[in-house]
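In what follows, a single structure is set out as structure tokens and then discussed.
The values are calculated or read from the model by the stated rules, or taken from the named source; none is laboratory data. Since we're looking at a predicted model, the values are computed, not measured. No Cβ is skipped: glycine too gets one built from the backbone with ideal geometry, and neighbour counts run over all protein chains shown. The accessibility values were calculated without ligands, DNA or RNA, using every heavy atom of the protein model including side chains. Shrake-Rupley method; radii C 1.70, N 1.55, O 1.52, S 1.80 Å.
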Amino acid sequence: MAGTCLAELPDFYKKVSRVTWLVKNMDRSIQGWSTLGLSDVHERSEITFDAQYRGKPVSIGARMVTGSLGNLTVDMLQPEEGDNAFTAFLTQHGDGVFSIVHEVATRGEMTKEIERMRGLGVGVLQQMKVDSGPITLTFFDTEAKGKYVLGLIYWPGGAPPAGAPGKISHIAFVARQAEAVSAFWQKLGFPGMPKAHASPREDSRYHGKALWLDFDVCWQRHTQFTYEWIIPPADPPNLYADFLKTHGEGVQHLGVPVDDLEQSIAEYQKLGYTVAQSGAWGDTGKKGSGRYAYIDTDSIGGIIAELIRAVK
């Protein structure tokens, strides 16, 4: 499945600039994630995007908050009602990460990439400007086959940098199968998704009960964040299958490395968030092993926080 890329990938895809995160209740999401580490929060209560949605002009009103989860910049949007890509996503998936966005240096670079994508059979889903200004966002129509919306941003002079390094290690997706998704991204020039198999473990837990789960997992490593792709079975009940039922395919969790897993779990529990699933990998306690705990943060934005403690 790794294969050879079928198109040349522009260098700007090697770094994630930000994610576009859509929510129905901004107050609840910002309050929740601010207690979990969202910092440098800037809000615009009323923002208007002059946009083209599937080739038709639209005006998108929204409430927008920008912040940093350490090294990941988050643009959180609560869109007003209307016919646009944001409301369509919320209707289909509920709260969640809509797009992973990469920064281009010039408008010409963005135009060139739109033309490259069009030649590969991928059109523009939505393009928009912030308050009719120079900042331009392009979202490609990649979700159906690629399971997330690929985005570009042009910000004259460069977008503000993200916060401190190390808060987020990886972005994880849940999908129903891997081969077609891998082939789609390879066609566009992205690396394929080598597949491995995770065997059941006796130390896995689902809502505190023993979990005997095996599943396939794939990886892409072309940005500063590793992309993890999880392909779960429907049974036994597990958190990945729960996500598919509630939200469909897409970004399911963000990986958060911690120094002390038990202490970090306790801190989340004090804030009212419980462990939904947990487990380990490798030979416990030895180099290359580790433990993880998925914290049930779905209610504050449709995304799970995965606490990770690796033995190095």
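In the stretch 35-100, what is the volume of the convex hull around the alpha carbon atoms, normalised per residue and reported in Å³?
Dividing the Cα hull volume of the stretch 35-100 by its residue count gives 103 Å³.
Could you work out Rg/(2.2 N^0.38 Å) for the stretch 174-308, with Rg from alpha carbons only?
Taking the Cα Rg and dividing by 2.2 N^0.38 Å, one obtains 1.07.
Using a 1.4 Å probe, what is the accessible area per residue for the chain, in Å²? Provide the component values of the computation, followed by the final result.
Values: 14160 Å² over 312 residues.
Accessible area per residue: 45 Å².
Quick check on my link table: of 14/112; 147/245; 14/187; 24/145, which ones sit more than 20 Å apart, alpha carbon to alpha carbon?
24/145
Normalised by the residues of the stretch 58-152, what does the relative contact order come to in percent, with Cα pairs under 8 Å and at least six apart?
After rounding, I find 20 percent.
Starting from the Kirkwood Rh over alpha-carbon pairs, what translational D in µm² s⁻¹ does the stretch 104-170 have by Stokes-Einstein at 4 °C and 1.567 mPa s? Let's see the in-between values first.
Details: Rh = 13.4 Å.
Once the numbers are plugged in, D ends up at 97 µm²/s.
Taking the Cβ of residue 307 as the center, what net charge do the other residues with Cβ under 11 Å away carry, scoring Lys and Arg +1 and Asp and Glu -1? Walk me through the numbers on the way to the answer.
Working: positive: 291, 309; negative: 259, 260, 262, 267, 306.
Net of charged neighbours comes to -3.
I want the local charge near residue 241. Using Cβ-Cβ distances under 14 Å, sum +1 for each Lys or Arg and -1 for each Asp or Glu among the other residues.
Surrounding charge for residue 241 is -4.
Just the accessible area for residue 268, please: 1.4 Å probe, Å², rounded to the nearest 10?
20 Å²
Quick one: net charge around residue 18, please, counting Lys, Arg +1 and Asp, Glu -1 for every other residue with C-beta under 11 Å from its C-beta.
-1
What does the extension gain come out to for residue 310 and residue 180, with contour length at 0.36 nm per residue minus their alpha carbon separation?
43.7 nm
5 Å is the cut-off here: which amide hydrogens, built 1.01 Å from N in the peptide plane, fall below it relative to residue 252, excluding neighbours closer than 5 in sequence?
Those lying under 5 Å, H to H, from residue 252 are 172, 173, 174.
What three numbers, in Å, describe the spread of the alpha carbons of the chain along their principal axes, ordered from the longest?
54, 44, 33
I'd like the carbon and sulfur percentage of the solvent accessible area for the chain, probe radius 1.4 Å, heavy atoms only, ligands and nucleic acids excluded.
Roughly 51 percent of what the probe reaches on the chain is carbon or sulfur.
With Rg and the Kirkwood Rh both taken from Cα atoms, where does Rg over Rh land for the stretch 44-168?
0.94
Could you work out which residue, out of 223, 297, 73, moves most in a Gaussian network model of the chain, that is, has the largest mean-square fluctuation with Cα springs under 10 Å?
223
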